[in-house]
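To start, the structure itself, in C-alpha cells.
Values in this text are rule-based calculations from the coordinates and carry no lab data. What you see is a predicted model; the values in this text were computed from it and never measured. Cβ coordinates were reconstructed from backbone atoms using ideal geometry, including for glycine residues, and neighbour counts include every protein chain displayed.
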Amino acid sequence: MHRRPLPFFFCLALSLSGCATYREQPVDLAAFDAQWRSRHQQGDAVAAFARELYERGAAVPARLTLADGIDLAEAEMLTLLWNPTLRQARAQAGIAAAEAGEAGALDAPEIGFDALHALESMAKPWTLAAAVSFTLPLSGRLGLQRTHAERLAQAERERLLTQEWSTLAVLRDAWIAWSAVSLEQLQAKAFAEEVAQLDAIAARLGAAGELSGIAARAVRIAGLRAGFTAKELAAEAERQRLGLLALMGLAPDAPLTLHPALRLGDDLMQRLGDEQVPDDPRLREALAAHQVAEARLRLEIRRQYPDVKLGLGFEDDRGDQSLGPVIGFSIPLWNTNAQAIAGADATRAATAEQITAAHAAALHDRAQARVVLVDRRTRLAEMEHALVPLIDAQLADSRRLAGLGDLDVALLLEVFDAVWTCKRDLVRLRADLALAHNRLIALALPGWMTSKNQSTAEDAQRAEDAKL
C-alpha cells in the first residue's frame, strides 16, 4: 500500500476554502417603482444629503423642504442625489474602486502532481511527485499594479466629478429655459386678456358704426393669436417641467411645485471671477488620465523582470521518498513585453496632448464666455434703461387717452403688441444673461466637489442608507 502525499491534498482543500461563491441578485422593478414614485416624500434623505454637502463647504438651502415646492438650489440637491445618469456613473466608478481594493494581491500558489507507472512488472511500480510553489514578487510588480489600479479609480472619480458638475450645469440651463417659457406664458395670457377687453370695446364700436369691420377683425385676429400663443407656451412649459423632474430623478406625476428663477444663486454668482484654470473639469480629467498612463508604463516596464518561484517538492520513487526545494524563474530573452511597453508609451504621449488641448480649450472657453456675458449685460442694461421706460410711457398715455374717450383701436392694439413684445424680449434677455453666467461658472469645479477626503457618491450613498 502506497502513502499519498498529504501536503498536496491539504493545500488543495485550503485553496478551495477561500473561493468566492455566487448568488443571483435579480432586480426588483416593482420595489424600485414604488420607491421612485415616493421620492417626493423622502425629505429626510434629501436633508441628510444636504447636511453632508454642507459639511464639505457646499452652499445648500438654509431650510430644505419639498412640501412648499422646489427652487433651483433644492433642485441641485435632488439632481445630485437621484439623477439616474449620475447614479449609473457612480455605479460604474465603483467598479474601478472595487478592483483597486483587490489589486496587487500575491499570485495564488501552484500545486503540481505527477504519477508514473513503470511499464515493467515490479513490486513498487509507482513514482509519485508533488510540488507546491509560491511566486516571490521581487520585481515590485504587485506594488505597481496597486498604484495603477488606484490611478484608474481616481480617474473614474474625476470623470464622475465632471459628469456631476456638467449635469448641474444642464439642470441650471433647463431651469432657466423653463422659467423663461413660464413667464412668457403668463405674459402672453395677460396680453390675450388685454386684447379681449379691447375686442369687447371694438365690438360695441362696430355695432354703433363707429369702427370699421376691418379694424374690428384685426382686434379679433390679434386676440385669437395671443390665445393660441399662450396655449402653446403653456404646453411647452409643461414639457420642460417634466424634463426637470426627469433630471431630478422624480416621477412625472410627482405633486411638486417648481419655482421659476431667471437669476442664479449668490453663491454661484460669487464664482464668476474665479480664474482657477486647473479646476477646469476637462483639464482635471486629462491630468488624471495622464497619471493612469504613467502608472501603466511603469508597470509594463517592470513586467520585463522575472519574479522568482519558490516551492517545496515531494517525491515517492518506488518507495524512496524525498523532499526538497523547487526554484524557477523566466528568462526575458525573446518576449520582453515590448508590445505592451510600446502601447503604454504611446498612450502616455496621447494623454499629454489631451492635457495641453484641455488647457488651451479652458482658456478659449473662458474668453468666449466673458464676451457673451458682457454683451448680455450691456444689452439688458440698455433695454431696461432706454426701451422699457418708453414702452411704459406709451402704454400709460394710450390708457389715459382711452379713459378720456379718445380711443384709437389700431393704435392701442399696436401699443399692446409692442408692450408684450418688449416684455417677452426682456425675459429672454434676462434668461440669456443667466445662461451666460452659468456657462462661465460651469468651467471650474467648486472646492467642495474636489475635496480629497470624500466624494459626492459617498454622500449620496449615506443619504440613501439613512432612509432604509
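Which one of the conditions (1) outside any strand (DSSP E or B); (2) surrounded by 15 or more Cβ atoms within 10 Å (Cβ to Cβ) does T336 fail to meet, given that it meets all the rest?
Looking at each condition in turn, T336 falls short on (2).
From (1) surrounded by 12 or more Cβ atoms within 10 Å (Cβ to Cβ); (2) closer than 30 Å to K124 by Cα, pick out the condition that doesn't hold for Q291.
Just one mismatch for Q291, condition (2).
Residues are listed down the side, and each one gets a yes or a no for (1) in contact (Cβ under 8 Å) with a residue 40 or more places away in the chain; (2) within 22 Å of L429 (Cα to Cα); (3) not hydroxyl-bearing (S, T, Y):
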position: A155; (1), (2), (3): yes, no, yes
position: W178; (1), (2), (3): yes, yes, yes
position: S182; (1), (2), (3): yes, yes, no
position: Q197; (1), (2), (3): no, no, yes
position: E232; (1), (2), (3): no, yes, yes
position: L242; (1), (2), (3): no, no, yes
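Only one of these is under 28 Å from R241 (Cα atoms), in contact with a Ser or Thr (Cβ under 8 Å, 6 or more places away or on another chain), outside any loop (DSSP other than H, G, I, E, B) and not hydroxyl-bearing (S, T, Y): L183, L116, L160. Name it. Break it down stepwise before answering.
Working: L183 fails: in contact with a Ser or Thr (Cβ under 8 Å, 6 or more places away or on another chain); L116 fails: under 28 Å from R241 (Cα atoms).
The match here is L160.
A quick yes/no check of all residues on (1) in a helix (DSSP H, G or I); (2) of a type in the set (A, V, I, L, M); (3) loosely packed, with under 14 Cβ neighbours inside 10 Å:
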{"residue": "A200", "(1), (2), (3)": "yes, yes, yes"}
{"residue": "G206", "(1), (2), (3)": "yes, no, no"}
{"residue": "A216", "(1), (2), (3)": "yes, yes, no"}
{"residue": "G249", "(1), (2), (3)": "no, no, no"}
{"residue": "P255", "(1), (2), (3)": "no, no, yes"}
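One line per residue, one yes/no per condition, for (1) surrounded by 15 or more Cβ atoms within 10 Å (Cβ to Cβ); (2) farther than 30 Å from A234 by Cα:
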| position | (1), (2) |
| --- | --- |
| P84 | no, no |
| G94 | yes, yes |
| A100 | yes, yes |
| H148 | yes, yes |
| R151 | yes, yes |
| Q154 | yes, yes |
| A177 | yes, no |
| A190 | yes, no |
